[in-house]
1. Considering all alpha-carbon pairs of the stretch 47-95, what whole percent are spaced by more than 19 angstrom?
2. Give me the number: length gained by fully extending Asp50 to Ala76, i.e. 0.36 nm times residue separation minus the C-alpha to C-alpha distance, one decimal in nm.
Amino acid sequence: MREQEEERSFTVSDRRGRAAESPPEPPPVSRPSTPTQTSDPGPESSGPLDFSSFLFSLASTAVLHLGDPMPDGRTAPVNLPRAQEMIDLLALLETKTQGNLTPDESALLANLLYTLRLRYVEKAR
């Protein structure tokens, strides 16, 4: 039994005192190939992403949580805590990006927050 344990053991080499030796080269990293562009970008592609489209994405999520109809006609259940989270996230963005937005982006964010807050109050009643 003892012989079997010795055969399965491994050896530990301490190289801490060997600074003169060059470290072994890491294996080459294979990079994933980039997908080729097709002529049809597909329905998910909506153009270049910018801050305004990010704001619209967050606002549309809040609207869905407020129970407004989805694009396919179905109605999502009202989820006020989630809607409040999205509105709070937009308010956080407004605070943290103050002075760094273009006038159009700043106006868009203020209008989205105003509209969403009004709709939230209406649904909360």
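Read-outs throughout are calculated quantities, based only on the coordinates presented, and are distinct from any laboratory measurement. Owing to the predicted nature of the structure, the values given are computational and were not obtained by experimental measurement.
1. Roughly 30 percent, once rounded to a whole number.
2. Details: separation 26, 0.36 × 26 = 9.36 nm, distance 2.69 nm.
Gain on stretching Asp50 to Ala76: 6.7 nm.
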